[in-house]
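Have a look at the structure below, then the notes.
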Amino acid sequence: MDKKNIVLTGDRPTGKLHLGHYIGSLKNRIELQKSYDQYIMIADTQALTDYFENPERISESIFEVVSDYLAVGIDPDLSTIFIQSQVSALPELMMYYMNLVTVSRLERNPTVKTELAQKDFATSVPAGFLCYPISQAADITAFKAEIVPVGEDQLPLIEQTNEVVRKFNRLYNTDCLKEAKAHLSKTSRLVGIDGKAKASKSLNNAIFLSDSPEIIKQKVFSMFTDPNHIKISDPGRVEGNVVFQYLDAFHEDKNEVEDLKLQYSKGGLGDTTIKSLLNDCLQKLLQPIREKRAAIDKKYLLDICIEGTKKAQKSANRTLNEVKNAIGINFFEKFSS
Ligand code: TRP
């Protein structure tokens, strides 16, 4: 069997997936699974660092997210879908890595720093939150992932992972951990239908992959365009116009979109026309996804997660064993040989 490079990717399960996920990571994963050994992790343990007081939000989302994966075309024969909390080697690895990372280094991690500022913890930062980059280092190294597809905001986490790898290998004189490369997603993040921020569940400005045709239409027709474009004959602004940003992201005919932009900025093209076009295009994209999603059998879904998790456990246990050997604390093996 040919040995394929390993990819690790994943999502925090905090709600159903939307068009921002589709364009930002799902499409990419559908491609990557063809040529890589791809692991897709449902990062429920990591999501708990934010939602430990509302764990239902996470437990309710896990199967929704996996349904979205299967509906868009992630193939469980090509990708290993697994649930983070069920792989106990991950927190074990994290425990060993914690010795190699200082609290001040965690506080200086730019992603953590931004999140700390947003969360307003004052002086009572939970250790679980502060240490999540170490948990992520465990995720990545456990599978010896060489490639980690991420958005820009995750780069500092990969960098910190590689610091752990180098420090561990040097300290324990081993090469059992592998450095990972970030694979930056080309498409920038999708804007929300309000045009104010990126599409997200919490801002209530996203179109979900499972939305009904009526809801999709309603969301498209409520999209922010150009508030000064009142009459059809008025020149309109394309920049900052959500409808055009979505047409850029989802419409297949890029030339047609460019022609429409030209016409819109000159005047003579109404919002209703471009919204109808976008609506048709999104309905066409989402209908088969929605139908496939509705047809997924619960038992099948569970089987996929169990099978994937078993494979992930095996692979993470192998790395854990190597890590314990390198440190010299595989006591029973050590004394019986
Ligand atoms: N931090 C990622 C997110 O916020 C989720 C994640 C956890 C992850 N562990 C990972 C992604 C390892 C890639 C590799 O979405």
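The values are calculated or read from the model by the stated rules, or taken from the named source; none is laboratory data. Values in this document were obtained by computation on a predicted structure and should not be read as measured data. As a convention, Cβ positions derive from the backbone with ideal geometry for all residues, glycine included, and neighbour counts pool all protein chains shown. Keep in mind that these areas ignore ligands, DNA and RNA; they rest on the heavy atoms of the full protein, side chains included. Shrake-Rupley method; radii C 1.70, N 1.55, O 1.52, S 1.80 Å.
For segment 190-247, filtering for residues that are charged (D, E, K, R), farther than 23 Å from Leu26 by Cα and outside any loop (DSSP other than H, G, I, E, B) leaves 1.
Among the numbered conditions (1) closer than 26 Å to Asn330 by Cα; (2) open to solvent by 60 Å² or more (accessible area, probe 1.4 Å); (3) away from the ligand (no atom under 16 Å from the Cβ), the only one that Ala117 does not meet is (1).
Against the list (1) within 12 Å of the ligand (Cβ to nearest atom); (2) open to solvent by less than 10 Å² (accessible area, probe 1.4 Å); (3) in a strand (DSSP E or B), the condition Pro13 fails is (3).
Can you report the number of residues in segment 49-92 which are closer than 25 Å to Val125 by Cα and either assigned by TED's automatic domain parsing to the domain that holds Leu286 or out of contact with any helix residue (DSSP H, G or I) (no Cβ under 6 Å at 6 or more places or on another chain) (or both)? Quick ask: steps written out before the conclusion?
Of the residues in segment 49-92, the ones closer than 25 Å to Val125 by Cα are 49-59, 84-85, 88, 90-92.
Next cut, either assigned by TED's automatic domain parsing to the domain that holds Leu286 or out of contact with any helix residue (DSSP H, G or I) (no Cβ under 6 Å at 6 or more places or on another chain) (or both) only: 50, 52-56, 59, 88, 91.
Of the residues in that region, 9 qualify.
A search for C-beta distances below 6 Å between a residue of segment 141-152 that is under 15 Å from Gly20 (Cβ atoms) and near the ligand (Cβ under 10 Å from one of its atoms) and any residue that is assigned to a loop (DSSP other than H, G, I, E, B) and open to solvent by 10 Å² or more (accessible area, probe 1.4 Å), counting only pairs 6+ apart in sequence or on different chains, returns Gly151/Ser185. Of all residues assigned to segment 49-67, none qualifies as being open to solvent by less than 60 Å² (accessible area, probe 1.4 Å) and in a loop (DSSP other than H, G, I, E, B).
The residue list Phe224, Phe208 contains one member that is away from the ligand (no atom under 16 Å from the Cβ), in contact with a strand residue (DSSP E or B) (Cβ under 8 Å, 6 or more places away or on another chain) and not hydroxyl-bearing (Ser, Thr, Tyr), which is Phe208.
For the subset of segment 120-140 comprising residues that are among the hydrophobic types (A, V, I, L, M, F, W, C) and more than 14 Å from the ligand (Cβ to nearest atom), which member is farthest from Met41 (Cα to Cα)? First the steps, then the outcome.
Just the residues of segment 120-140 that are among the hydrophobic types (A, V, I, L, M, F, W, C), to begin with: 121-122, 125, 127, 129-131, 134, 137-138, 140.
If we keep only those that are more than 14 Å from the ligand (Cβ to nearest atom) as well, we get 121-122, 125, 127, 130.
Working: Phe121: 28, Ala122: 31, Val125: 26, Ala127: 23, Leu130: 21 Å.
Checking each candidate, the answer is Ala122.
Would a scan of segment 41-52 turn up a residue that is away from the ligand (no atom under 13 Å from the Cβ) and of a type outside the set (Phe, Trp, Tyr)? No, that holds for no residue. Residue check: is Val164 more than 10 Å from the ligand (Cβ to nearest atom), over 22 Å from the mean Cα position of the chain (by Cα) and buried (at least 21 other Cβ atoms within 10 Å of the Cβ)? Yes: the conditions hold for Val164. For Thr319, the conditions (1) within 30 Å of His18 (Cβ to Cβ); (2) open to solvent by less than 60 Å² (accessible area, probe 1.4 Å); (3) outside any loop (DSSP other than H, G, I, E, B) are fulfilled apart from (1). Only residues that are within 16 Å of the ligand (Cβ to nearest atom) and either surrounded by 17 or more Cβ atoms within 10 Å (Cβ to Cβ) or under 30 Å from Lys324 (Cα atoms) (or both) were counted across segment 99-114, and they come to 5.
Only one residue in Leu302, Leu285 is aliphatic (A, V, I, L, M) and open to solvent by 70 Å² or more (accessible area, probe 1.4 Å), so which one is that? After applying the criteria, what remains is Leu302.
One residue stands out among those in segment 68-98 that are of a type in the set (A, V, I, L, M) and farther than 16 Å from Thr309 by Cβ: the one that is surrounded by the fewest Cβ atoms within 10 Å (Cβ to Cβ), which is Met95. Per the listing Asp271, Asp259, Asp226, the residue uniquely surrounded by fewer than 18 Cβ atoms within 10 Å (Cβ to Cβ) and more than 30 Å from Asn99 (Cα to Cα) is Asp259.
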